[in-house]
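Undergrad: Sharing a structure below in structure tokens format, with a few things to ask.
The values are calculated or read from the model by the stated rules, or taken from the named source; none is laboratory data. Predicted model, so just to flag it, every value in this text is computed and none were measured. As a convention, Cβ positions derive from the backbone with ideal geometry for all residues, glycine included, and neighbour counts pool all protein chains shown.
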Amino acid sequence: MSAQKRQSLLCPNCKKLISTSERRCPHCGTAHPAAWWKNNIWTRGFNDPYVLIKWIIGVNIGIYVISLLLNPSGFGLTLNPLTFLSPSGPILELLGATGRVPIEAYQRYWTLISANYLHGGILHIFFNMAAFRQLGLLVAREYGVYRMFMIYSLGGVIGFLVSYLAGVSWTIGASASVCSLAGALMYYGKSRGGVYGRALYKQIGIWVIILFLFGIMVPVINNWAHGGGIAAGIGLGFVLGYQERKKENIFHKLLAGGLAVLTLLILGWAILSGIYYRFTL
């Protein structure tokens, strides 16, 4: 006996329960809310911040595991927590580390994206993904899922671009992207005002100060990328707007989708070319 056809679903725009027979959502007016192009694995990821954030964290973890497996004899098994389970430098370079050397010596401009998904150790990826999950959900709530992904992606690129212009030779990590989310929340809190806005601005501001002080104490931290990411997040928050002032529209959806496709293509190229060069050179 065939499975019973689903009679209801969540509107892809306002997330309220509606009938699959509705030609237009009675709550928000979205046309053809049950259409397949609005209800598939791709759109569900962007419609649900928890799903999208899980995907991004999963991609980061997957690439981190690949970076370890490509040179199992070269990763760190030391008692130092900062270098424990650290992929080797040459492998990270093959997989798309960015900076002055990869860009100027090899013209690998695409590494401005790929480097956001590489990490130098177990603590590095753990703290970045923990911060991303917390800040990502906040940004998705105030800006929308599509704009959250845009801020995360573009903020990371801008942060690493600032790092490159500052002369940093080699760098990796999602912290520039995470810092851009913090910058967007700072802009939102300052712009919105009120009790909630001021409290959020103060909370994120304290987080940024702690991050800055930690960056001074730990010399390997790329403060240029962090600062560039925060500045990018503030600027993107201003340009893109947040939900209370401007609802997400087709422009945000198309740009976020384009960035997602571009990111997947670059990461796929980075992994395949990294594997090829690892076993042929």
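Undergrad: Quick one: in the stretch 94-128, which of the residues that are of a type in the set (Ser, Thr, Tyr) and within 12 Å of the chain's Cα centre (by Cα) is nearest to Leu161 (Cα to Cα)?
TA: Ser114
Undergrad: Inside the stretch 166-196, can you point out the residues that are aromatic (Phe, Trp, Tyr) and surrounded by 18 or more Cβ atoms within 10 Å (Cβ to Cβ)?
TA: Result: Tyr187, Tyr188.
Undergrad: Scan the stretch 115-140 for residues that are of a type outside the set (A, V, I, L, M) and under 26 Å from Pro72 (Cα atoms) and jot them down.
TA: Residues satisfying the conditions are Asn116, Tyr117, His119, Gly120, Gly121, His124, Phe126, Phe127, Asn128.
Undergrad: Among residues belonging to the stretch 118-146 that are modelled with pLDDT under 95 and in a loop (DSSP other than H, G, I, E, B), point out the one that is nearest to Gly233 (Cα to Cα).
TA: Only one residue fits best here, namely Gly144.
Undergrad: Could you say whether any residue in the stretch 110-117 is within 27 Å of Asn249 (Cβ to Cβ), outside any loop (DSSP other than H, G, I, E, B) and free of Cβ contacts under 8 Å to residues at least 12 places away in the same chain?
TA: No, the stretch 110-117 contains no residue that is within 27 Å of Asn249 (Cβ to Cβ), outside any loop (DSSP other than H, G, I, E, B) and free of Cβ contacts under 8 Å to residues at least 12 places away in the same chain.
Undergrad: Within the stretch 129-165, can you find the residues that are hydroxyl-bearing (Ser, Thr, Tyr), within 12 Å of the chain's Cα centre (by Cα) and either surrounded by 24 or more Cβ atoms within 10 Å (Cβ to Cβ) or on the phi > 0 side of the Ramachandran plot (or both)?
TA: Tyr146, Tyr152
Undergrad: Right, something else. Just one of (1) farther than 27 Å from Val65 by Cβ; (2) in a helix (DSSP H, G or I) trips up Phe149, so point out which.
TA: (1)
Undergrad: Still on this structure, I have one more. Out of (1) in contact with a strand residue (DSSP E or B) (Cβ under 6 Å, 6 or more places away or on another chain); (2) of a type outside the set (Phe, Trp, Tyr); (3) closer than 22 Å to Leu211 by Cα, the odd one out for Ile151 is which?
TA: (1)
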